[in-house]
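J.: Can you read through this structure? Questions will come right after.
The values are calculated or read from the model by the stated rules, or taken from the named source; none is laboratory data. These numbers come from a predicted model, not from an experiment. Here Cβ is always computed from backbone atoms with ideal geometry, including for glycine, and neighbour counts include all displayed protein chains. Just so you know, the surface numbers come from the protein's heavy atoms only, side chains and all, with ligands and any DNA or RNA stripped out. Shrake-Rupley method; radii C 1.70, N 1.55, O 1.52, S 1.80 Å.
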Amino acid sequence: ILNGPFPKGEDAISKNALYSVRYAEFVLRTKFEKGEDAISKDAISSYEYAQDVLRGPFTKGEDAISTNPLYAYTYAVQILKGPFPKGETAISTDTKFSFMYAKKALKGRFPKGEDAIAKNLIWSLEYATEILKGRFEKGEPIINNSPSAKKDYEEFLDSLKK
């Protein structure tokens with residue numbers, strides 16, 4: 001209706017994280033400082049604000065982002081394009097995100113996520129072959145429960161000796 005900013009309504013908008021992000025993204029097309037306090041309290045809104053509005057880090061929202069494995073991982077890979085230490089505790093609770101964080105953000109070992117990775121046969125094998133490029137002792141119990149996986153793992157380890 002207004003086809004532009006709504007200064008008289010900004011105090012009300014700024015109290016709601018989702019409305020603040022949408023107002024910044026679609027109306028202002030830039031940051032909305034009045035709404036950043038509300039945004040910073042919500043992981044999803046903080047991530048969306050960083051991605052869709054700031055197109056870069058939203059430091060004020062990182063505490064909220066760091067509580068959610070999906071958004072912490074995605075923030076690291078898509079926004080920071082590297083490690084997000086604050087989010088590693090949340091990431092480490094999820095098998096897939098732990099593996100993907102090691103692969104895409106750290107480009108190497110993620111000790112904090114290894115317990116989660118070791119709970120999944122596929123991620124354990126891939127972690128050994130793609131990330132560690134060697135033995136993954138924590139993943140061996142689940143690998144050894146599958147005859148075909150055990151065979152593949154042993155062949156992989158044997159190939160390292162050559």
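J.: Just one of Tyr47, Tyr101 is aromatic (Phe, Trp, Tyr) and either under 26 Å from Glu126 (Cα atoms) or touching an Asp or Glu at 6+ places or on another chain (Cβ under 8 Å) (or both); which is it?
T.: Details: Tyr47 fails: either under 26 Å from Glu126 (Cα atoms) or touching an Asp or Glu at 6+ places or on another chain (Cβ under 8 Å) (or both).
On inspection, the qualifying residue turns out to be Tyr101.
J.: Between Ile65, Ile117, Ile91, which is more than 9 Å from the chain's Cα centre (by Cα) and among the β-branched types (Val, Ile, Thr)?
T.: Ile117
J.: So, restricting to helices (runs of 4 or more DSSP H) that lie completely within region 81-162, which ones have at least 2 residues that are open to solvent by less than 90 Å² (accessible area, probe 1.4 Å), closer than 30 Å to Glu62 by Cα and not small (Gly, Ala, Ser)?
T.: 88-91, 95-100, 114-117, 121-126
J.: Is it the case, given these coordinates, that Lys31 is charged (D, E, K, R), open to solvent by 50 Å² or more (accessible area, probe 1.4 Å) and within 30 Å of Ala118 (Cβ to Cβ)? Spell out the reasoning first.
T.: Details: charged (D, E, K, R): yes; open to solvent by 50 Å² or more (accessible area, probe 1.4 Å): yes; within 30 Å of Ala118 (Cβ to Cβ): no.
In short, no.
J.: Inside region 36-80, can you point out the residues that are among the polar types (S, T, N, Q) and open to solvent by less than 60 Å² (accessible area, probe 1.4 Å)? Steps first, please.
T.: Just the residues of region 36-80 that are among the polar types (S, T, N, Q), to begin with: 40, 45-46, 51, 59, 66-68, 74, 78.
Ser40, Ser45, Ser46, Ser66, Asn68, Thr74, listed by residue number.
J.: Right, another one. State whether one or more residues within region 130-150 are polar (S, T, N, Q) and under 25 Å from the mean Cα position of the chain (by Cα). Full working, then the answer.
T.: Step one: filter region 130-150 for residues polar (S, T, N, Q), giving 144-146, 148.
In the following step, the residues that additionally are under 25 Å from the mean Cα position of the chain (by Cα) were identified as none.
Within region 130-150, none of the residues are polar (S, T, N, Q) and under 25 Å from the mean Cα position of the chain (by Cα).
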